[in-house]
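The values are calculated or read from the model by the stated rules, or taken from the named source; none is laboratory data. These numbers come from a predicted model, not from an experiment. Here the Cβ positions follow ideal geometry from the backbone for every residue, glycine too, while neighbour counts run over all protein chains shown. These accessible areas exclude ligands, DNA and RNA; they are computed on the full protein's heavy atoms, side chains included. Shrake-Rupley method; radii C 1.70, N 1.55, O 1.52, S 1.80 Å.
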Amino acid sequence: SWYVKAGLINTQDYKQTILLNQTNDGFTLLQDAVKNGNRSLIKEVKSWYEKAGLINTQEYKQTILLNRTNDGFTLLQSAVINGNASLIKEVKSWYENAKLIGTDEFNQNVILKSAKNKFNILHCFGMLNRITVPEFTKFWKSLRLEPRDQYKLLTEKAMGKFMPGNKRKNSDLFLFFNTSRKQLKKQLKKQSNPNFAGEKKIVNKKHKKNRKTVGILNHQPSRKS
């Protein structure tokens with residue numbers, strides 16, 4: 001590349017001015033590549049950070065992995081918005097390699113903090129028509145979030161109106177989110193009041209079938225007939 005030929009690849013100027021720099025909108029070079037979604041481009045850009053010896057540094061963790069754009073979107077959210085399950089898995093692995101998954105730092109900065117107009121990561125998932133419930137539950141289970149945090153995300157209203165899930169975009173995930181909200185609400189109420197027995201409801205056969213196949217707490221993938 002031009003930077004290699006110029007002998008800049010291992011210089012501090014190259015790292016700070018190119019790799020760790022942010023645009024006026026708060027995007028880093030890597031997040032811009034992930035937003036673009038081109039896998040070859042993402043691989044190439046990621047290799048620049050590796051060659052520069054930044055991957056295992058605190059700078060990379062803070063400036064790249066935990067970065068939020070001016071609108072509040074993270075690197076992981078940019079991957080989710082692209083709607084490609086394999087890309088989401090790859091970007092999540094970067095957080096895993098940095099030992100961030102499950103930490104308060106990751107949860108508070110990447111998962112629980114919503115973007116502009118209160119759009120959180122579940123709102124992003126709810127708009128995807130290419131993500132299946134099994135793909136989502138596998139991802140979600142790996143984050144190891146507390147029930148109260150899951151419930152917070154599921155009930156957060158974007159623009160003061162819309163909770164995660166879009167029936168027209170992804171009806172299966174919409175049903176999954178709705179059922180999970182009910183399950184989590186019931187569980188949290190039991191935890192706060194051990195004597196709470198829960199209301200008994202009469203359900204039809206169709207609902208019984210759905211109840212077995214949905215719900216974040218049970219991490220059960222839905223099955224299509």
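Brief remarks follow.
- Condition met for K141 (surrounded by fewer than 17 Cβ atoms within 10 Å (Cβ to Cβ) and free of Cβ contacts under 8 Å to residues at least 24 places away in the same chain): no
- Within segment 1-19, the set of residues being modelled with pLDDT of 80 or more, open to solvent by less than 80 Å² (accessible area, probe 1.4 Å) and either among the hydroxyl-bearing types (S, T, Y) or in contact with a strand residue (DSSP E or B) (Cβ under 7 Å, 6 or more places away or on another chain) (or both) comprises Y14 only.
- From the list L122, L30, the one residue that fits, being of a type outside the set (F, W, Y), closer than 28 Å to T155 by Cβ and either in contact (Cβ under 8 Å) with a residue 24 or more places away in the chain or surrounded by fewer than 19 Cβ atoms within 10 Å (Cβ to Cβ) (or both), is L122.
- Scan of segment 164-186 for residues that are buried (at least 19 other Cβ atoms within 10 Å of the Cβ), hydrophobic (A, V, I, L, M, F, W, C) and either modelled with pLDDT under 95 or under 18 Å from the mean Cα position of the chain (by Cα) (or both), ordered by number: L173, F176, F177
- Filter result for the condition that a residue is β-branched (V, I, T) and without any contact (Cβ under 8 Å) to a residue 24 or more places away in the chain, over T103, T155: T103
- No other residue among S114, S93 is open to solvent by less than 40 Å² (accessible area, probe 1.4 Å) and at pLDDT below 95 apart from S114.
- Test: residue in segment 146-157 that is at pLDDT below 95 and open to solvent by less than 60 Å² (accessible area, probe 1.4 Å): no
- The condition of being touching a helix residue (DSSP H, G or I) at 6+ places or on another chain (Cβ under 7 Å), within 13 Å of G37 (Cα to Cα), small (G, A, S) and open to solvent by 10 Å² or more (accessible area, probe 1.4 Å) does not hold for A79.
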